[in-house]
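Right, one structure below, let's go through it.
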Amino acid sequence: MEQRPVQSLLSLEDFIKQNETLYLKATLVNGEWTLGWGHTGRVQSGHQIAEELAQMLLERDIGAAKELVNKYLGDVRLNENQRNALISYAYSVGEQKFSESSIVRRLRQQEDPNRVASQEFRQMAIGGMQARRQRELELFCKPLAQQVQQDRPLLQGAGNAHQHSESSQEDQSQFDRQFQGVNPQQELKDLQKKLEQQKNDIAGKLVELKKENERLQNELNQYKQAMEAIEKAKQEKDIELKELQKKQEEERERIRSYQEYKDNLDQQAEKLKQEITQKEIAIHEVQEEIKQREQEIQVKQQEIDKLHVEKQKIQDDISQNKLKIAKIEEQVKNFLESIDKLDKQITKLTEDIRTLKMQVSESSEKEETHKNILREIEENIKENEEQLQNLQKEYQASTRIYVQDPTANALLGSNIEAINQRIQKKSQEEEELRKTIATLAKLKAQLQQQESLQSEKTEQRQANRMQLQTAQTELKSNQENLSQLEIKHTQINEKLENLNLNMNELQDKRQALHNQKLTMEVNLKQIQTNQQLIQTQIQQMQAGIGQMQTQVKTLLQLVEKGTLEILQIMGCEKSVMSRSQNIFNSTQILQQVFQGIQHHLQKYNNTQAKKQVAYV
């Protein structure tokens, strides 16, 4: 495993801390419970840690990420910045994604690292990881010289300590430059004065450095004593921690055994639940089947009721049709009787009409004769009138003559009587003729009435025949309907018999399903009692587990306290180590400064001796 200096590790930690968020409480991040700086592991809801423990988790996760990089890219030549960028990437994505990533595959194929990183990190810069991938790319592509330039302030203490030797070298160079073209004696005196001053300064500085060294030595001894005390306390805490870990392991074993027992009980409870669900499903199916059967029974009952209603309607229709048929038969009989009566009346009327026609024909003959007679009578009347006028004229003349002549008067009287007799006969004949005309008119009117009655009777007869035909057709249709209704009646009776059989079968099935339901309910009750027993056992186990968990929590709290104390001790140890390292470094620097001063003094003494020899 590759070793790195502390400052580079701290820079990597700082880099990861810049790209991660510190969670002291368990928080869901992208669907995973997270603690500290991106630590996932066995984190659950409700977990809490201190920042010192988060630091420990960070260092451990960085070590795991570094092992991943060494595992998959150990043979690839990479500088420290490139390796740190890949460690940050592995820390972010985990082992599986890191091992399957194309950047690892291409680097293992010995491609140019900078080109691979610039391509792959840009492709992986998606969503919330865009800024982090960009920073990782910048770190990957940063040359080491720039990193050394950034890390140079960490070494300023050693540089400041070494500046004194550099200043002495500059003084020597100035002395060498100024020696040329100067009086040797005066220069020698000046040099001796300067040398005395430098010796005095160096002696003062040496005294100060010795005091500082003694002080640092005392502090180092104190730190060593503190380290020994810390080491003892650490050993004691380690012993306590081991005991707590043993107790924790024992409690974990007990919890595991309880958990296994609980898992077995859970499995049994799950099996019982499955059996209960199966039984409930079976009961539900039986209930559904019972409901279906009941619905079928209801449907069949409704069909039976409908068929009974139809049967009743058909019976009512049959009775009504029978009544209608009886009425129609009575109407047909009445129509036939009325038709017979009408036929008799028509025959009588035809006979009457014949007689009337005979009478009319006779009367018409008589009428013609009477007309001829009337014509003759009229002609005679006209002649008689003319004669009467003539007779009147003669009568007047005769009256005149009668007055004058009595014989003429006698003849006139006889003539008048004869005329009067003839007039009376004519009037009697006219009256008889008029009577015959009146009787003839009456006979014509009776004939017309008889003809109208005959036409009405014939029309009535035709209407009765039409009614008879319609009644016969209705009778036929009613007879056909009656036959169809009787067929339906027989079919309905057959359906009712079949439905009664189906109803009996359905009731038998319903009874069987009901019995099956009762047995299933009994089994379900037994299973529920078993489940209640198991649940009570589970509750007891859960109570025991809760007690164990409280004990484990107390142990964990003790462990956390111990870890915090250990972390504090480790922090103190780190600070002591860092201060002791600083003291050691400062002592080494002082030793180097002393060595440099002694070296410069020797050189200076040698040069002075040479100059004195040359001057002599």
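Computed from the coordinates by the stated procedures, all read-outs in this text should not be read as laboratory data. For clarity, every value in this text was computed on a predicted model and none was experimentally measured. Methodologically, a virtual Cβ is constructed for each residue, glycine included, from the backbone with ideal geometry; neighbour enumeration extends over all protein chains shown.
Below are the figures for this structure:
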read-out: Residue (of Met124, Gln82, Gly63) at the positive-pole extreme of the stretch 1-148, dipole from beta-carbon charges; value: Met124
read-out: Cα pair distances exceeding 20 angstrom across the stretch 242-395, given as percent; value: 83 percent
read-out: Cβ-based charge dipole, the stretch 287-521, positive-most Cα from Ile487, Gln301, Gln454; value: Gln301
read-out: Listed residues Leu241, Tyr258, Tyr223: farthest to the positive end of the dipole of the stretch 221-268 (Cβ charges); value: Tyr223
read-out: The stretch 337-350 - phi-based ³J(HN,Hα) in whole Hz, Karplus 6.51/-1.76/1.60, Gly and Pro as x; value: 5, 5, 5, 4, 4, 4, 4, 5, 4, 5, 5, 4, 4, 4
read-out: Nearest-20 debye value, the stretch 1-148 charge dipole, Cβ charges on Lys, Arg, Asp, Glu; value: 340 debye
read-out: Additional length obtainable on full extension of the chain from Asn221 to Gln119, 0.36 nm per residue less Cα span; value: 31.2 nm
read-out: Over 24 Å (Cα to Cα) - which of Lys66/Lys97; Lys273/Lys553; Lys393/Lys425 fall in this group; value: Lys273/Lys553
read-out: Straight-distance crosslink candidates among lysines, where the alpha carbon sits under 23 Å from Lys279 and sequence neighbours closer than 8 are dropped; value: Lys271, Lys291, Lys509, Lys517, Lys525
read-out: Per-residue HN-Hα couplings for the stretch 470-487 [Karplus 6.51, -1.76, 1.60; θ = phi - 60°; Hz; x = Gly/Pro]; value: 4, 5, 5, 5, 4, 4, 5, 4, 5, 5, 5, 4, 5, 5, 4, 5, 5, 5
read-out: Projected-area average for the stretch 287-521 over all orientations - Cα convex hull basis, square nanometres; value: 23.7 nm²
read-out: Phi to ³J(HN,Hα) by Karplus 6.51 cos²θ - 1.76 cosθ + 1.60 over the stretch 200-209, Hz, x for Gly, Pro; value: 4, 4, 5, 5, x, 5, 5, 4, 4, 5
read-out: Residues of type lysines that Lys306 reaches as a straight line, Cα spacing below 17 Å, ignoring anything fewer than 8 places off in the same chain; value: Lys488, Lys495
read-out: 5 angstrom amide H check on Tyr23, placed H, neighbours 5+ away; value: Gly36, Trp37, Gly38
read-out: Candidate lysines for bridging to Lys457, where Cα separation is under 30 Å - those fewer than 8 sequence places away on the same chain excluded; value: Lys324, Lys327, Lys333, Lys341, Lys344, Lys348, Lys357, Lys442, Lys444, Lys476
read-out: Restricting the stretch 49-104 to trypsin sites (Lys or Arg not before Pro) in coil, as DSSP defines it, with at most 10 other Cβ within 10 Å; value: Arg77
read-out: Gyration tensor (Cα) of the stretch 406-537, equivalent ellipsoid semi-axes in angstrom; value: 120, 18, 7
